[in-house]
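**Student:** Before I ask anything, here is the structure I am working with.
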Amino acid sequence: MNLQSTHNILMVRPNNFCFNHQTAINNHYQKNSKEFSEKIKFKALEEFDLLVDRLKLLDVNVHLLKTIAFTHLIHCFQIIG
């Protein structure tokens, strides 16, 4: 069996983090706090950027998309790198 791999990857940069009342019912890790949400957003973006950097160090071509709109389950994207 041959292994398959690629040198190209498409990643979508996260940009929206908020409290979700529907999933919070059974997810005690969610906190309804603006300060907490900002910390989570900062940490998620930091981890995302670190992953992108590490992939690039491994000579993986990382194609980044940024979500710019969300309407009725349709994402609009903008290529950022």
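The values are calculated or read from the model by the stated rules, or taken from the named source; none is laboratory data. In this text the structure is predicted, and so the values were computed from the model without any measurement. Glycine gets a Cβ as well: all are built from the backbone with ideal geometry, and neighbour counts include every protein chain shown.
**Student:** Starting from the stretch 59-74, take each residue that is in a strand (DSSP E or B) and list its partners that are modelled with pLDDT of 55 or more and of a type in the set (Lys, Arg), counting only C-beta distances under 8 angstrom and pairs at least six apart or across chains.
**Tutor:** Val62/Lys56; Leu64/Arg13; Leu65/Arg13; Lys66/Arg13; Thr67/Arg13
**Student:** Continuing with this model, one more query. Give the stretch 31-53 a look and list any residue that's of a type in the set (A, V, I, L, M, F, W, C), within 17 Å of the chain's Cα centre (by Cα) and over 12 Å from Arg13 (Cβ atoms), or say none.
**Tutor:** Those that are of a type in the set (A, V, I, L, M, F, W, C), within 17 Å of the chain's Cα centre (by Cα) and over 12 Å from Arg13 (Cβ atoms): Ile40, Phe42, Leu50.
**Student:** Could you tell me which residue of the stretch 15-67 is nearest to Ser5 (Cα to Cα), considering only residues that are of a type in the set (D, E, K, R) and in contact with a strand residue (DSSP E or B) (Cβ under 8 Å, 6 or more places away or on another chain)?
**Tutor:** Lys56
Results for (1) part of a strand (DSSP E or B); (2) modelled with pLDDT under 85; (3) among the small types (Gly, Ala, Ser); (4) in contact with a Gly (Cβ under 8 Å, 6 or more places away or on another chain), shown as yes or no for each residue.
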residue: Val12; (1), (2), (3), (4): yes, no, no, no
residue: Asn16; (1), (2), (3), (4): no, yes, no, no
residue: Thr23; (1), (2), (3), (4): no, yes, no, no
residue: Lys31; (1), (2), (3), (4): no, yes, no, no
residue: Lys39; (1), (2), (3), (4): no, yes, no, no
residue: Glu47; (1), (2), (3), (4): no, no, no, no
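**Student:** Would you pick out the residues in the stretch 1-46 that are within 30 Å of Asp59 (Cβ to Cβ), exposed (fewer than 11 other Cβ atoms within 10 Å of the Cβ) and of a type outside the set (S, T, N, Q)?
**Tutor:** Met1, Leu3, His7, Glu46
**Student:** Could we say that Gln4 is touching a helix residue (DSSP H, G or I) at 6+ places or on another chain (Cβ under 6 Å) and either more than 18 Å from Leu64 (Cβ to Cβ) or not acidic (Asp, Glu) (or both) here? Show your work before the answer.
**Tutor:** Values: touching a helix residue (DSSP H, G or I) at 6+ places or on another chain (Cβ under 6 Å): no; either more than 18 Å from Leu64 (Cβ to Cβ) or not acidic (Asp, Glu) (or both): yes.
No.
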